[in-house]
Amino acid sequence: MAKRELLDCTLRDGGYVNDWAFGHDQIITVFQRLAKAKVEFIEIGFLDERRAFDINRTIMPDTASANKIFDGVDKGQAQVLAMIDYGTCGIERLQSAKDTFIDGIRVIFKEHLMYEAMDFCRGVKALGYKVFAQMVSVTTYTDEKLEEYAKLVNSVMPYATSMVDTYGLLDDEQLLHIYRILDKHLVAGIKVGFHAHNNYQIGRASCRERV
């Protein structure tokens, strides 16, 4: 069993509650406490070109905005991530990874957009970022489509791909079934992640499975 790593998305996923308006001081406090706790990956928000820059919000029009929000902040040993919902932030909005506070980008997309989204991931990777391909609504994929997806991911070689249970439908058996198909067909070295939702109060139980 490979080492498991923890990703915290409070500053991104939590923004659905408060329209990402955490306040600048609170953004920095949350980040610093997560870094102190040695969380491996800290997701600091969405990159979305439709939103104007606001130092008090964790939804940003470009990577340069992250530099402004986190100016002078020590990452510690954490890897800093941001998320793009494919189609909401163009590649021209992304600086080279060496010029920004952000180390990696997670790209979310539904099944019918997987080819276009993975091509976008290829461009993000070329800028030097760790790329995480996030397959939204993983329960829509048939076994055959999962194999097709794995081959597509292999052609891009992202840092990781994640099974996103958007509606919280997966029980233990279904989760392991999907994981085993991906594990069988993905190239060694591509990490596999799992993002659970708790709509039916089974998300925490599924997270205990050894995936």
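The values are calculated or read from the model by the stated rules, or taken from the named source; none is laboratory data. Since this is a predicted model, take the numbers as computed values, not measurements. Here the Cβ is made from the backbone with ideal geometry for all residues, glycine too, and neighbour counts use every protein chain on show. For accessibility, only protein heavy atoms count, side chains too; no ligands or nucleic acids. Shrake-Rupley method; radii C 1.70, N 1.55, O 1.52, S 1.80 Å.
Annotation: amide H-H contacts under 5 Å for Ser162 (H modelled 1.01 Å from N, sequence separation of 5 or more, or interchain): Ala133, Gln134, Met135, Gly193. Taking all protein chains together, Val39, Val187 sort by accessible area into Val187, Val39, largest first [probe 1.4 Å].
Computed about the Cα centre, the dipole magnitude for region 42-85 is approximately 80 debye when only Lys and Arg (+1) and Asp and Glu (-1) carry charge, each at its Cβ. Each Lys and Arg adds +1 at its Cβ and each Asp and Glu adds -1 at its Cβ; summed about the Cα centre, the chain shows a dipole of about 580 debye.
Kirkwood hydrodynamic radius computed over region 102-186 comes to 13.0 Å, based on all pairs of distinct alpha carbons.
Using 20 Å as the cut-off for backbone N distance, which residues of region 45-82 belong to the label zone defined by a point 7 Å from the Cα of Gln26 along Cα→Cβ? The answer is 45-47, 52-61, 66, 69-71.
Quarter the surface of the alpha carbon convex hull of region 68-112 and you get the mean projected area, 4.1 square nanometres. Computed from Cα atoms, the angle from the helix 143-156 axis to the main principal axis of the chain rounds to 50 degrees. Projecting the Cα atoms of Met114, Ala21, Tyr167 onto the charge dipole of the chain, computed from C-beta unit charges around the Cα centre, puts Ala21 farthest toward the positive end. With all protein chains present, how much of the accessible area of region 1-147 (probe radius 1.4 Å) comes from carbon and sulfur, to the nearest whole percent? Carbon with sulfur: 49 percent of the solvent-accessible area. Per the Cα gyration tensor, the chain maps to an equivalent ellipsoid with semi-axes of 27, 19, 16 Å, ordered largest to smallest. Every Cα-Cα pair of region 58-136 was included, and the share exceeding 14 Å stands at 59 percent.
Rounded to the nearest 10 degrees, the inclination of helix 172-185 to the longest alpha-carbon principal axis of the chain is 90 degrees.
Surface exposure of region 32-177, expressed per residue as accessible area with a 1.4 Å probe, stands at 44 Å². Extension gain for the segment Gln174 to Val73, taken as residue separation times 0.36 nm less the Cα-Cα distance, is 32.3 nm to one decimal. Using the Cβ of Ile28 as centre and a radius below 14 Å, the other residues enclosed give a net charge of +2, where K and R count +1 and D and E count -1. Compared with the dominant principal axis of the Cα atoms in the chain, helix 114-126 is inclined by about 50°. Each DSSP beta bridge with both residues in the chain is either parallel or antiparallel, and the antiparallel ones are about 5%.
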